[in-house]
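**Student:** The structure is given below, and queries will be raised subsequently.
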Amino acid sequence: MAKAKKKRPFNVKAFLSTVDGGRTVATYQKSQKVFSQGDPADSVFYIQEGKVKVCVISDRGKEAVVALHGNGDFFGEGCLTGQPLRLATVAAVTECVIMRLDKAAIVRVLHDEPKFSEMFMSYILARNARVEADLVDQLFNSSEKRLARALLLMANFGKEGRPETVIAKISQETLAEMIGTTRSRVNVFMNKFRKLGFIEYNGKLEVHNSLLNVVLHDNPALRREQD
């Protein structure tokens, strides 16, 4: 009996590059906005290269980073639920190559292409679980554990594929906004992680899997005062 052919994984990037109409690709420089809070919600974006941050700005001008997205991530999908305006601002953290899909184009692809629809739904469900985990993390964990978890997630630990231990340069201010603490506390924790051998940074940030100790174990040597 002939061996069954190994099923190839669905290549999202290759597939999206063949979509007819309603698709554009643009390069964004660091800090350049992809869209702003209050803009019309009329499209979905797919990151081919780079990282972006999702920020919410209060009426008083205070900014909070609520998510980071990288290669292979979608964002802006709120338009598919009838959201008329963007609820957040998205800006490039590094130089990015991003594909924009008009709402009509993404709806058509979801309807006509079962493989893409299955993949997209799995992605959205996984993101929903991530948001719930982020909320639990914010409510119950110390800022030190929140920082460790954020670094591990950015390094791709816990996801399929090989961890990307080297993280694109990201400011301590942005990390502080992500985990709800001050830049000075982030600086203290980063120095501590480096001294313990959990991370290395000298122009670039490298995360070691030993950082999981901070998240998974209540080790007295690692414990700090809760927020």
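**Student:** If packing is taken as the average number of other Cβ atoms within 10 Å across a peptide's residues, how do 116-124, 10-18, 95-103 rank, most packed first? Display every interim value, and only then the final one.
**Tutor:** Values: 116-124: 14.1, 10-18: 12.4, 95-103: 18.7.
Order by mean packing, descending: 95-103, 116-124, 10-18.
**Student:** With no solvent and one point per C-alpha, what does the Debye sum give as log10 I(q)/I(0) for the range 31-157 at q = 0.11, 0.14 Å⁻¹?
**Tutor:** -0.42, -0.69
**Student:** On a 0 to 90° scale, report how tilted helix 143-154 is relative to the longest principal axis of the chain, with both axes built from alpha carbons and the result rounded to the nearest 10.
**Tutor:** Result, in degrees: 40.
**Student:** Turning to a different aspect of this structure: Of all the Cα-Cα pairs you can form in the chain, what percent are over 21 Å apart? Walk me through the intermediate numbers first.
**Tutor:** On the way: 15473 of 25651 pairs.
Within the chain, distances greater than 21 Å cover 60 percent of Cα pairs.
**Student:** Next up: Working from Cα positions, state the angle (0 to 90°, nearest 10) between the long axis of helix 183-195 and the longest principal axis of the chain.
**Tutor:** Helix 183-195 sits at roughly 80 degrees to that axis.
**Student:** Beyond 13 Å, what share of the Cα-Cα pairs of the range 28-78 is found? Please give it as a whole percent.
**Tutor:** Working: 810 of 1275 pairs.
Considering the range 28-78, 64 percent of its Cα-Cα pairs are separated by more than 13 Å.
**Student:** What ranking do 170-178, 46-54 get when scored by the average of other Cβ atoms within 10 Å per residue, highest first? Write down the numbers at each step before the final one.
**Tutor:** Values: 170-178: 18.1, 46-54: 19.9.
The most tightly packed comes first, giving 46-54, 170-178.
**Student:** How much accessible area per residue does the chain have, counting only protein heavy atoms and a probe of 1.4 Å, in square angstrom?
**Tutor:** 60
**Student:** Still on this structure, I have one more. R0 = 30 Å: FRET efficiency of S17 with L196, Cβ-based, nearest 0.05?
**Tutor:** Values: r = 44 Å, r/R0 = 1.45.
About 0.10, to the nearest 0.05.
**Student:** So, one more: Quickly rank 142-151, 191-200 as a protection proxy: mean count of other C-beta atoms within 10 Å, highest first. Intermediate results must be reported in sequence, preceding the final value.
**Tutor:** On the way: 142-151: 22.5, 191-200: 15.8.
My ranking of the peptides, most packed first, is 142-151, 191-200.
**Student:** Let me ask something additional. Helix 114-140 against the longest principal axis of the chain: what's the angle in degrees, Cα atoms only, rounded to the nearest 10?
**Tutor:** Tilt relative to the chain: about 20 degrees.
**Student:** Moving to a separate point now. Do the sum for the chain: with -39,500 (n - 2.57) for every DSSP H run of n ≥ 4, divided by all residues, what is the mean residue ellipticity at 222 nm, to the nearest 500 deg cm²/dmol? Could you put the intermediate results ahead of the total?
**Tutor:** Values: 7 runs with 80 residues, N = 227.
Estimated from H runs of four or more residues: -11000 deg cm²/dmol.
**Student:** So, one more: Return the distance in nm (one decimal) between the two label points of a simple spin-label model at E49 and D112, each offset 7 Å from Cα along Cα→Cβ.
**Tutor:** Simple spin-label model gives 2.9 nm for this pair.
The values are calculated or read from the model by the stated rules, or taken from the named source; none is laboratory data. What you are looking at is a predicted structure, and each value in this text was computed from that prediction instead of being measured. Note that we place each Cβ from the backbone using ideal geometry, even for glycine, and neighbour counts take in every protein chain shown. Keep in mind that these areas ignore ligands, DNA and RNA; they rest on the heavy atoms of the full protein, side chains included. Shrake-Rupley method; radii C 1.70, N 1.55, O 1.52, S 1.80 Å.
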